[in-house]
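Reviewing the structure listed below.
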Amino acid sequence: MALWTKGRAAARECGLDPFRSTYAVLEGASLELNGQPVLKDITVSLKERRIGLVGLNGSGKSSFVRLLNALRLPTSGVVRIFGQPTPDCAADLPKHVGFVFQNPDHQAIFPTVEEEIAFGLTQLGRDRKSAREEARAFLARHGCAGLVERPISTLSEGQKQLICILAVLVMEPQVLILDEPFTSLDGLTALRLSQKIAGLPQKIVMVSHDLTTLAAFDRILWLEEGQVRMDGVPGDVLPAYAADLERRAATESWTGSSL
Amino acid sequence: MIATYIPGASWLHRCPAGLKLIALLVVSIVVFPLTNLWMLTIGLIGVAACYAPFGRDAFVQFKRLKPIALMLAFLFGFHIYLGTWTEGLAVLIRIVTLVLMANLVSLTTRLDDMIAAVEPLFRPLKLFGVPPQRPALAIALVLRFVPVLMSIHEGLAESYQARSGRRRSWRLIAPLALQALAISDHVAESLAARGGSSGLADTRMRR
Ligand SMILES: Nc1ncnc2c1ncn2[C@@H]1O[C@H](COP(=O)(O)OP(=O)(O)O)[C@@H](O)[C@H]1O
Ligand SMILES: [Mg+2]
């Protein structure tokens, strides 16, 4: 318990304010990876409850969301999360910004469901026994009581992704980032999980190619070659994006190297 | 060969992990110098009897001896050849007893209890600045990713077979290693996203 309060004190020290409604501000943020520009001079503030990210492969969506939890730091410009520049508060961000990766097999760290969920709680300073009990109660609250003892490797794809989402939610972040979370799921499972996500109290930033799901979001950012091509409500951005895809498929000739 | 935990409520499940590990150690030490076939047999029956709570599944567990059956047969054959079949039988019973007992411990002990039981052994690592929970995390990661790597290997083998007509090849070792490295990058990222290997509570050990 003492350790847990110390963690909280550290969050206050770095001046991060998790109740600020504008949770992320990018000011001229650029990112280079191995000398290649990946994000170029992006300036946006994020405060809407559900924000969707669209764009072609390689347009920088994954890199963009990684700036939001300091998995990547901007090469130039500033990224402020809850008011603090990311290098300063990087160590405390996992508590406030949860991240769900595309492939559950790359995210789950522990052999069984219960351990995977309990891990987040021990990270926050709970002892093993109470973490385990809380993890069980949490799983039961989310209709997963039957999965508690299961090895992750025996779960279905949908169950794996749900557990990965719950493993992040159990740490009670204010913001939840999802990077193409439904790519390996069938339509029904994807629909069920996106309903679950829609009902969460967290602010959501989701990368997705599923324009139907994104239609219900509050704001869409369209990234193209590392820049924001369009930013607005889904009613404006999604039709423009879809039309652009159609236009390019119809008019641009392509080679293997342009895919 | 070694089974993973099967949830249950038998007396063996309730028995503390440390005690089971010590019992395993003690039995190993006692059984090795023992040559009396009768006593060895009684020991084996004793261990086999501990499988009773698993009922029918116990026989499934006994099948886990299959991978070492060949080695046992070879050992026994060798002893017969040397004309020391009683010694061969003793070796056979000893190994089977210990494998069954080790299997029983892992069947009835949750991984994190097992790790907690061995964690004190890692405490001296603190002297070198390594948090004692690191080795525990490493063990968990190995157990988590063995099935993942097996299924990746399965996928590579299928893809190889689909285009070569042959099953299994040493050529798959390189792509498997590359995929393992790629996964380790992803998992490192996932661990960092949830606060890293030393947790979020203790600010001193970070970074
Ligand atoms: N580690 C890396 N090193 C070099 N380039 C990278 C790295 N990761 C991604 N990139 C490049 O950055 C660009 C954006 O990638 P990414 O953010 O993953 O896009 P998206 O998620 O939209 O597909 C791509 O051109 C990709 O090749
Ligand atoms: Mg991506």
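Quick notes on this structure:
- When segment A:12-49 is filtered for residues that are more than 15 Å from ligand 1 (Cβ to nearest atom), small (Gly, Ala, Ser) and open to solvent by 10 Å² or more (accessible area, probe 1.4 Å), the ones remaining, listed by number, are A:GLY15, A:SER21, A:GLY28, A:SER45.
- Breaking point among (1) within 14 Å of chain A (Cβ to nearest Cβ); (2) under 30 Å from B:ASP57 (Cα atoms), for B:GLN133: (2)
- Just one of the listed residues (A:ALA215, A:ALA167) is in contact with a helix residue (DSSP H, G or I) (Cβ under 8 Å, 6 or more places away or on another chain), more than 16 Å from ligand 1 (Cβ to nearest atom) and over 23 Å from A:GLY143 (Cβ atoms), namely A:ALA215.
- For beta carbons closer than 6 Å, sequence separation of 6+ or different chains, a first residue in segment A:142-162 that is more than 13 Å from chain B (Cβ to nearest Cβ) and a second that is aliphatic (A, V, I, L, M) and open to solvent by 20 Å² or more (accessible area, probe 1.4 Å), the qualifying pairs are A:GLY158/A:LEU185.
- Candidate set from segment A:95-107 (those that are open to solvent by 10 Å² or more (accessible area, probe 1.4 Å) and more than 16 Å from ligand 1 (Cβ to nearest atom)); member that is nearest to A:LEU185 (Cα to Cα): A:ASP105
- Residue among A:PHE82, A:PHE110 that is buried (at least 19 other Cβ atoms within 10 Å of the Cβ) and over 21 Å from B:SER198 (Cα atoms): A:PHE82
- Contacts under 8 angstrom Cβ, first residue in segment A:50-75 being open to solvent by 30 Å² or more (accessible area, probe 1.4 Å), partner among the β-branched types (Val, Ile, Thr) and assigned to a helix (DSSP H, G or I), 6 or more apart: A:LEU73/A:THR86
- Conditions (1) under 30 Å from A:LEU124 (Cβ atoms); (2) within 16 Å of ligand 2 (Cβ to nearest atom); (3) of a type in the set (S, T, N, Q); (4) away from chain B (no Cβ under 14 Å); number of the one not met by A:SER63: (4)
- One residue alone among A:ALA198, A:ALA190 is more than 16 Å from ligand 1 (Cβ to nearest atom), modelled with pLDDT under 95, open to solvent by 10 Å² or more (accessible area, probe 1.4 Å) and farther than 29 Å from A:PRO18 by Cβ, and that residue is A:ALA190.
- Within the set B:ALA73, B:ALA58, B:ALA48, B:ALA69, the sole residue that is in contact with a Ser or Thr (Cβ under 9 Å, 6 or more places away or on another chain) and farther than 23 Å from B:ALA140 by Cα turns out to be B:ALA48.
- Condition broken by B:ARG144, with the remaining ones in (1) within 14 Å of another protein chain (Cβ to nearest Cβ); (2) within 25 Å of A:MET171 (Cα to Cα); (3) surrounded by fewer than 17 Cβ atoms within 10 Å (Cβ to Cβ); (4) without any contact (Cβ under 8 Å) to a residue 24 or more places away in the chain satisfied: (3)
- Taken over segment A:165-187, the residue count meeting the criterion of being more than 16 Å from ligand 2 (Cβ to nearest atom), within 13 Å of chain B (Cβ to nearest Cβ) and buried (at least 16 other Cβ atoms within 10 Å of the Cβ) is 10.
The values are calculated or read from the model by the stated rules, or taken from the named source; none is laboratory data. Not measured: the values here are computed from a predicted model. Methodologically, a virtual Cβ is constructed for each residue, glycine included, from the backbone with ideal geometry; neighbour enumeration extends over all protein chains shown. The protein model used for the area step is the full one, side chains on, heavy atoms only, and it has no ligands, DNA or RNA in it. Shrake-Rupley method; radii C 1.70, N 1.55, O 1.52, S 1.80 Å.
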